Protein chains: 2
Amino acid sequence: MDDGRATTTRGGENLLFLTDEQLRQGIEAMFFAYRGFTADPDRILSDMAYGRAHHRAIHFINRAPGTTVNNLLNILGVTKQSLNRVLRTLIEDGLVESRVGTSDKRERHLFLTEDGHALESRLSDAQRARMRTAFRDAGPEAVAGFRTVLEAMMDTEMHRTYQRLKESGA
Amino acid sequence: MDDGRATTTRGGENLLFLTDEQLRQGIEAMFFAYRGFTADPDRILSDMAYGRAHHRAIHFINRAPGTTVNNLLNILGVTKQSLNRVLRTLIEDGLVESRVGTSDKRERHLFLTEDGHALESRLSDAQRARMRTAFRDAGPEAVAGFRTVLEAMMDTEMHRTYQRLKESGA
DNA sequence: CTTGGAATGTCAACAAGGCTGACTTAAACT
DNA sequence: AGTTTAAGTCAGCCTTGTTGACATTCCAAG
């Protein structure tokens, strides 16, 4: 299926970055980097009764205040039962507020409370700090490349979601 | 703590890639890309009684045949109870072989069987195919940047582990 | 106005895959 | 001989995902 060899090709284009060894290094880099990526928030959350799922919910509610449950479901890619369990605890603990929709009263619009914003800041400050250091150490060209490859790795569905979020940003 | 603004600075260096908005996009790109990254193997594994944990074990046993349990534990960053549950099923199902060490008989050296290699290929072919497409679409410079940022995101411990693996490769 | 379907929520049961703690066995080191 | 190390095992717990069934509310089309 693959001879693992790719040196130079048509037009003198260098495709050495497509050898199996290079691909494997990319795969392993993804594995280790994702661990680093989640390490800081995980540490903060382990002290509480929360986990990564709570972090994700909080992140995207903060990102798009007033978002509906259904919308959040599509972004997170989990079942409503799974999300509901997380949301229920966050609402009970007073970190998230759920307001009945005005135009469509079936919908619930989600907002962070003051306490919710406080936790969101703690979590994303930690994660941003790591990202900032990595970005600074790597430099602007590397960051551009990083983003290009990550976008190419997404499914088309997720990529659309990501683009929509990106455009809605500040 | 952070005013979220970073335009240009000393030496005319452009630090626009360090704004909070840029960092958030990086964070969200990581989130969505990791889902894409694991999607194909997950699909294959969901038909069997295996999960992502089995995939990881198989990957690294294939990467470093004869590795000890302790070594695998350090790479994966889980408890031995957690890993043992996975290894036991893989050994029972005849995908992994565990050989008593020759110099130190306390150690067990792990190898993939023929069936193990077959599954490993199915899984990594799918993952590599996605990575290859992403790399090809993004181009060599982007790939270099991708790797640079990912390495900068790792904890120093993980980074050492990653480097060791990288150097041991082909 | 009624009925079908959509959005949401809830209950129950289950599985994967993390974790801690306690304990055993065998081998190696001191 | 005694301690440490590598590995394995048992029991129990947690988070977070799943499916399936079902209730409620409400919009919208017939």
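The values are calculated or read from the model by the stated rules, or taken from the named source; none is laboratory data. Note that the structure is predicted; figures quoted are calculated from it, not measured. Glycine gets a Cβ as well: all are built from the backbone with ideal geometry, and neighbour counts include every protein chain shown. Remember, those area values only see protein heavy atoms, side chains included, never the ligands or the DNA or RNA. Shrake-Rupley method; radii C 1.70, N 1.55, O 1.52, S 1.80 Å.
Starting from residues that are without any contact (Cβ under 8 Å) to a residue 40 or more places away in the chain and within 12 Å of DNA strand C (Cβ to nearest atom), keep the ones in the range B:96-117 and report whichever is surrounded by the fewest Cβ atoms within 10 Å (Cβ to Cβ).
Ranking the qualifying residues of the range B:96-117, first place goes to B:Ser103.
Quick check on the range A:49-87: of everything there that is open to solvent by less than 60 Å² (accessible area, probe 1.4 Å) and part of a loop (DSSP other than H, G, I, E, B), which residue is nearest to DNA strand C (Cβ to nearest atom)?
A:Gly51
For the range B:142-158, check the following and say yes or no: at least one residue is under 27 Å from B:Val96 (Cβ atoms), surrounded by fewer than 20 Cβ atoms within 10 Å (Cβ to Cβ), at pLDDT below 95 and out of contact with any helix residue (DSSP H, G or I) (no Cβ under 8 Å at 6 or more places or on another chain).
yes
When the range B:1-35 is examined, which residues are found to be in contact with an Asp or Glu (Cβ under 8 Å, 6 or more places away or on another chain) and either modelled with pLDDT under 95 or surrounded by fewer than 19 Cβ atoms within 10 Å (Cβ to Cβ) (or both)?
Scanning the range B:1-35 gives B:Met1, B:Asp2, B:Gly4, B:Asp20, B:Arg35.
Scanning for something of a type in the set (S, T, N, Q), open to solvent by 50 Å² or more (accessible area, probe 1.4 Å) and within 13 Å of DNA strand C (Cβ to nearest atom), does the range B:88-95 turn up at least one residue?
Within the range B:88-95 (the criterion being of a type in the set (S, T, N, Q), open to solvent by 50 Å² or more (accessible area, probe 1.4 Å) and within 13 Å of DNA strand C (Cβ to nearest atom)), the answer is no, since none of the residues qualifies.
Taking A:Arg122 as the residue in question, decide whether it is more than 11 Å from DNA strand D (Cβ to nearest atom), farther than 27 Å from B:Ala129 by Cα and basic (Lys, Arg).
yes
Quick check, is A:Arg106 of a type in the set (Lys, Arg) and part of a loop (DSSP other than H, G, I, E, B)?
Considered against the rule, which asks whether it is of a type in the set (Lys, Arg) and part of a loop (DSSP other than H, G, I, E, B), A:Arg106 comes out as yes.
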